[in-house]
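Student: Let me give you the structure first, and then I'll get to my questions.
The values are calculated or read from the model by the stated rules, or taken from the named source; none is laboratory data. Computed from a predicted model, the values in this text were never measured in an experiment. Here the Cβ is made from the backbone with ideal geometry for all residues, glycine too, and neighbour counts use every protein chain on show. Each accessible area value is taken on the protein alone, full model and side chains, heavy atoms only, with ligands, DNA and RNA left out. Shrake-Rupley method; radii C 1.70, N 1.55, O 1.52, S 1.80 Å.
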Amino acid sequence: MGGMTAAAQREAPPGAELKVAVLGGDGVGPEVTAAAMQVLEAAVRNESVTLSLTARPVGWKAVLEGGSPLPEATLQACLAADAVFLGAVGHPDAIGQPRDRLPETGLLGLRKALACWANLRPVRVPPSLVGVSASTPERVRGTDVMILRELGGGLYYGEPRGEKDGKAWNTMVYSEDEVQRIARLGLSLARGRHGRLTSVDKANVLEVSRLWRRVVDETAAEKGHGVEVDHMLVDRAAMELMLNPTQFDVLLTENLFGDILSDQAGALVGSLGALGSASLGDGTDLYEPVHGSAPDIAGKGVANPLGAMASVALMLRHTFRMEASAQRVESAYEAVLADGIRTVDVKEPGQEPVGTTAFTDAVLERIESTTESAAITEGVR
Ligand code: NAD
Ligand code: IPM
Ligand code: MN
């Protein structure tokens with residue numbers, strides 16, 4: 001993965017061209033993508049790198065244009081880029097279409113083609129948002145969980161799959177190698193955080209989970225120095241995430257469980273619109289907010305661009321190794337939230353909500369002012 005190999009540990013060299021394929025997609029996708037790209041541009045403006053953005057269609061928009069949710073030209077642009085940003089895919093008109101015309105098939109095909117097998121979904125509840133959590137402020141304060149979702153296997157890709165004669169079937173399948181590589185990543189992430197890894201499965205019922213649990217334990221015995229590893233059944237994990245989220249550091253789980261638990265984590269933060277993600281593996285890194293195309297609010301200018309902005313911060317951190325710029329983005333949106341500037345999904349009673357553009361402008365202003373003061377400090381030295 002761009003993000004995880006030794007070669008990519010270096011910061012983007014001075015003068016480097018950062019090539020990003022930009023796939024806005026459907027619904028609110030293009031709205032939050034526009035906001036995120038403005039933030040990305042502002043975050044690197046004073047760095048000695050140049051940003052090259054290439055926009056391409058994906059999802060239902062691409063199906064309408066040419067019949068495929070992942071056109072060849074889009075895929076080629078992604079393969080040629082250093083990183084891909086994807087807004088969201090999915091459209092109500094697509095329901096009932098054959099699988100090869102579903103927007104979601106485009107996204108799953110893209111993850112596969114980019115060899116993204118690890119999905120990092122960080123869930124931090126900034127102090128300013130504890131009041132809008134679906135849990136209570138006392139329970140949620142200090143929450144900082146890294147959901148590590150296996151992204152390349154499980155029910156999403158397992159064969160056989162199909163539908164015939166009034167029956168339909170999918171296959172949950174994992175090999176030891178697939179579990180080992182994600183477990184290794186989980187251990188290494190935990191080591192860089194608070195040293196705890198909770199692996200979530202359904203080992204009381206599923207063979208796949210029993211293999212998962214055994215391989216996690218074996219990998220921990222071999223590579224887990226300094227990391228405290230435990231296991232939790234997924235149903236209980238869903239409950240603990242609401243009642244006692246601060247117990248978690250890295251929460252490692254398979255593809256479908258991770259999908260479900262991360263939307264629940266959206267409720268913990270107050271809105272699914274607030275979470276971002278990084279999809280990493282052996283190819284090009286892909287950055288996507290956790291939320292979908294949100295057809296219920298698309299086109300209204302009210303979508304929360306926080307998840308998209310959080311994904312930009314992750315891109316700066318994991319692909320471009322520009323940690324200072326990543327933190328500048330995160331501090332900027334956290335400061336704007338703390339000032340009470342909120343989109344409607346995370347507003348407190350009595351606060352007047354702003355739209356996507358006004359929220360984004362406030363974040364851009366903040367990034368620009370911190371960039372300027374950093375430049376002044378630099379000049380004084
Ligand atoms: P969704 O995430 O689109 O929306 C769920 C709820 O969260 C809705 O009420 C929506 O308004 C709200 N929400 C989502 N993003 C928001 C934002 N940025 N700001 C404010 N509120 C936001 O989930 P859904 O309705 O179950 O799915 C809609 C479509 O999106 C489906 O076609 C699904 O397959 C697709 N989807 C795509 C992705 C992706 O592209 N990565 C992820 C999830 C769902
Ligand atoms: C997500 C989405 C996707 C998934 C869908 C759109 C295929 O829900 O990224 O969380 O299930 O992985
Ligand atoms: Mn999901």
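Student: Compute the distance from the alpha-carbon center of segment 12-26 to that of segment 56-133, in whole Å.
Tutor: Each part's Cα centre sits 16 Å from the other's.
Student: Given H placed on each backbone N at 1.01 Å, which residues far from SER199 in sequence or on other chains put an amide H within less than 5 Å of it?
Tutor: Counting only residues 5 or more places away or on other chains, the set is ASP230, HIS231, MET232, LEU252.
Student: Enumerate the calculated ³J(HN,Hα) couplings along segment 184-200 in order (Karplus 6.51 cos²θ - 1.76 cosθ + 1.60, θ = phi - 60°), each rounded to whole Hz, writing x wherever the residue is Gly or Pro.
Tutor: Working through the residues one at a time gives 4, 5, x, 5, 5, 5, 4, 4, x, 10, 10, x, 10, 10, 10, 9, 10 Hz.
Student: Using the Cα atoms as the points, what is the convex hull volume per residue of the chain in Å³?
Tutor: Numbers: hull volume 56.5 nm³, N = 381.
In the chain, the Cα convex hull volume per residue is 148 Å³.
Student: Using a probe of 1.4 angstrom, how much of the accessible area of segment 101-157 is carbon and sulfur, in percent?
Tutor: Ligands and nucleic acids excluded, carbon and sulfur reach 58 percent.
Student: How large is the convex hull of the Cα atoms of segment 213-360 per residue, expressed in Å³ as a whole number?
Tutor: Given the Cα convex hull of segment 213-360, per-residue volume reads 161 Å³.
Student: Assuming R0 = 25 Å, what is the FRET efficiency of ILE260 and GLU65, from their Cβ-Cβ distance, to the nearest 0.05? List each step's numbers first, then the result.
Tutor: Working: r = 32 Å, r/R0 = 1.27.
E(calc), rounded to 0.05, equals 0.20.
Student: Given charges of +1 on the Cβ of Lys and Arg and -1 on the Cβ of Asp and Glu, with all other atoms neutral, how large is the dipole of segment 134-268 about its Cα centre, in debye to the nearest 20?
Tutor: 200 debye
Student: If you plug each phi of segment 92-98 into the Karplus form 6.51 cos²θ - 1.76 cosθ + 1.60 with θ = phi - 60°, what whole-Hz ³J(HN,Hα) values come out, in order, with x for Gly and Pro?
Tutor: x, 5, 7, 4, x, 6, x
Student: How charged is the neighbourhood of VAL132? Take every other residue with its Cβ under 13 Å from the Cβ of VAL132, and add Lys/Arg as +1 and Asp/Glu as -1.
Tutor: With Lys, Arg at +1 and Asp, Glu at -1, the net is +1.
Student: About its Cα centre, how strong a charge dipole does the chain have in debye, to the nearest 20, once Lys and Arg get +1 and Asp and Glu get -1 at the Cβ?
Tutor: Numbers: 36 positive and 50 negative charges, 74 e Å.
The calculated dipole for the chain is roughly 360 debye.
Student: At 0.36 nm per residue, and after removing the present C-alpha to C-alpha distance, how many nm does the segment from ASP235 to THR357 gain when stretched out fully?
Tutor: 40.1 nm
Student: Distances over 20 Å make up what percent of all Cα-Cα pairs in segment 134-268?
Tutor: 46 percent
Student: Separate question: What Kirkwood hydrodynamic radius, in Å, does segment 64-188 give when the mean of 1/r is taken over all pairs of distinct Cα atoms and then inverted?
Tutor: One over the average 1/r among Cα pairs gives 17.8 Å for segment 64-188.
Student: For the chain, modelled as a GNM with alpha-carbon contacts under 10 angstrom, which of PRO349, PRO127, PRO137 fluctuates the most?
Tutor: Greatest mean-square fluctuation among the candidates belongs to PRO349.
Student: Can you pull the percent of Cα pairs in segment 228-270 with separation above 14 Å?
Tutor: I get 45 percent for the Cα pairs in segment 228-270 exceeding 14 Å.
Student: Right, next: Check which residues have an amide H placed less than 5 Å from TRP117's amide H, if you skip close sequence neighbours.
Tutor: Hits under the 5 Å cutoff: LEU280, GLY281, ASP282.
Student: Placing one identical point scatterer on every Cα of segment 188-234 and ignoring solvent, what is log10 I(q)/I(0) from the Debye formula at q = 0.18, 0.24, 0.28, 0.32 Å⁻¹?
Tutor: With one equal scatterer per Cα and no solvent, log10 I(q)/I(0) is -0.52, -0.82, -0.99, -1.13.
Student: Roughly speaking, what is the centre-to-centre gap between segment 182-198 and segment 151-176 when only Cα atoms are used, to the nearest Å?
Tutor: 28 Å
Student: Taking the Cα centre of segment 11-101 as the origin, how large is its charge dipole in debye, to the nearest 20, when only Lys and Arg (+1) and Asp and Glu (-1) carry charge on their Cβ atoms? Mind dumping the intermediate values first?
Tutor: Working: 6 positive and 11 negative charges, 34 e Å.
Rounded to the nearest 20 debye, it is 160 debye.
Student: Further question on the same structure: Write down, largest first, the equivalent ellipsoid semi-axes of segment 48-110 in whole Å, where each equals the square root of 5 times an eigenvalue of the alpha-carbon gyration tensor.
Tutor: Working from the Cα gyration tensor, I get semi-axes of 25, 11, 9 Å.
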